[in-house]
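Undergrad: Sharing a structure, written as structure tokens. Questions coming.
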Amino acid sequence: MRSLLAGLITVALLLQVAVPVRALNVYRLSVDVGSKASYVIVDAYNVSIGDYYLKAGDRLDYKVTDIIEVNITYTNGSVAFAVEMPLCTVMLNGNLIMVNDTPQKLGLYSPYAPSGVNYWQSQKLILEDLREKYKEGGSDLYYSLSFKEGQARLYIELSGRRGTIEERLIVDLETGLLLKFERTIYGTEGRAVKVFKGIYVEPPSGSGSSETTITTVSEPLGGSQLWLMVLIAMVAIVIAGGILTRGKR
């Protein structure tokens, strides 16, 4: 199961590949540095950040500290488009767990995606490319992307010999704000072995700073390393690399 998890991301919000940006279509964020977003965990099972296992009622608070521009690549390494993504400071229940980095590296979701429908339509090209690549390896990737009531709604299901991963995201199209996320991982026997679900809530007032740090983050992965891990593992909706939420053993 660990190799199954080694490459989880956000195609949607999270498959951002850090390679030099060329002249191509760029999808930009509609928020600025200083923007905040908060989430309450509504269901969690067997998912941890550092040594802390998440539970219903836990709170994640994000603040955008920087915005970078990166390229999104196909599995053959060619560039599909460029996208802005936020670097964030993240608090878990008032404790500092990340400073000025990508939340995906902790197995979390990015709070913001580029606004508008066109970004999501471009993500369908990435999903189709992944579907063919996983099919070659004996896995089945199904996805559904719809637009309703000003929201983008993405569902991804990836099934293979080691189990099934389901991802659900709801994002506000105007602001790019992530409104709801769900990740469920099933073992080969069909039992859920990991559950991670949360919803957006109003950010707290004030700076929300804390002196307590409960986890650390490694250096960012390069684009080729990221794709290699994604292709070895199962799904591309949560960013890759052995630094995700861990299963309790």
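Undergrad: Can you tell me which residue within region 153-168, out of those that are in a strand (DSSP E or B) and without any contact (Cβ under 8 Å) to a residue 40 or more places away in the chain, is surrounded by the fewest Cβ atoms within 10 Å (Cβ to Cβ)? Before the answer, list the steps.
TA: From region 153-168, those in a strand (DSSP E or B) are 153-160, 163-168; that's our starting set.
Going one step further and asking which of them are without any contact (Cβ under 8 Å) to a residue 40 or more places away in the chain, we end up with 153, 155, 157, 159, 164, 166, 168.
Values: ARG153: 17, TYR155: 15, GLU157: 17, SER159: 18, THR164: 20, GLU166: 18, ARG168: 17.
By that ranking, first place goes to TYR155.
Undergrad: Here is a check on your reading of the model: is ILE126 out of contact with any helix residue (DSSP H, G or I) (no Cβ under 6 Å at 6 or more places or on another chain) and buried (at least 18 other Cβ atoms within 10 Å of the Cβ)? Full working, then the answer.
TA: Working: out of contact with any helix residue (DSSP H, G or I) (no Cβ under 6 Å at 6 or more places or on another chain): no; buried (at least 18 other Cβ atoms within 10 Å of the Cβ): yes.
No: the conditions fail for ILE126.
Undergrad: Identify all residues within region 69-90 that are over 13 Å from PRO111 (Cα atoms) and modelled with pLDDT of 95 or more; write none if there are none. Write out each step before concluding.
TA: Of region 69-90, the ones over 13 Å from PRO111 (Cα atoms) are 69-83.
None; the set is empty.
Undergrad: Another question, then. Going through region 169-205 one residue at a time, which ones are over 24 Å from GLY94 (Cα atoms) and of a type in the set (Val, Ile, Thr)?
TA: ILE170, VAL171, THR175, THR184, ILE185, THR188, VAL193
Undergrad: Let me ask another. Can you pull out the residues in region 43-71 that are surrounded by 15 or more Cβ atoms within 10 Å (Cβ to Cβ) and of a type in the set (Val, Ile, Thr)?
TA: Residues satisfying the conditions are VAL47, ILE49, VAL64, THR65, ILE67, VAL70.
Undergrad: Has region 123-142 got at least one residue that is aromatic (Phe, Trp, Tyr), over 18 Å from ALA37 (Cα atoms) and in a strand (DSSP E or B)?
TA: Within region 123-142 (the criterion being aromatic (Phe, Trp, Tyr), over 18 Å from ALA37 (Cα atoms) and in a strand (DSSP E or B)), the answer is yes, since at least one residue qualifies.
Undergrad: Hey, does region 113-121 have a residue that's part of a helix (DSSP H, G or I) and without any contact (Cβ under 8 Å) to a residue 40 or more places away in the chain? If you could, list the steps in order and put the result at the bottom.
TA: Initially, region 113-121 is screened for residues part of a helix (DSSP H, G or I), giving 117-121.
Within this subset, residues satisfying the condition of being without any contact (Cβ under 8 Å) to a residue 40 or more places away in the chain are 121.
The answer is yes, given that some residue of region 113-121 is part of a helix (DSSP H, G or I) and without any contact (Cβ under 8 Å) to a residue 40 or more places away in the chain.
Undergrad: Out of all the residues in region 169-205, which are surrounded by fewer than 14 Cβ atoms within 10 Å (Cβ to Cβ) and within 19 Å of ASP58 (Cα to Cα)?
TA: Answer for region 169-205, where residues must be surrounded by fewer than 14 Cβ atoms within 10 Å (Cβ to Cβ) and within 19 Å of ASP58 (Cα to Cα): VAL201, GLU202, PRO204, SER205.
Undergrad: Separate question: Out of ILE72, ILE97, ILE68, ILE41, which single residue is within 20 Å of ARG168 (Cβ to Cβ) and either assigned to a strand (DSSP E or B) or within 15 Å of the chain's Cα centre (by Cα) (or both)?
TA: ILE41
The values are calculated or read from the model by the stated rules, or taken from the named source; none is laboratory data. These numbers come from a predicted model, not from an experiment. Don't worry about glycine lacking a Cβ; one is built from the backbone with ideal geometry, like all the others, and counts go over all protein chains shown.
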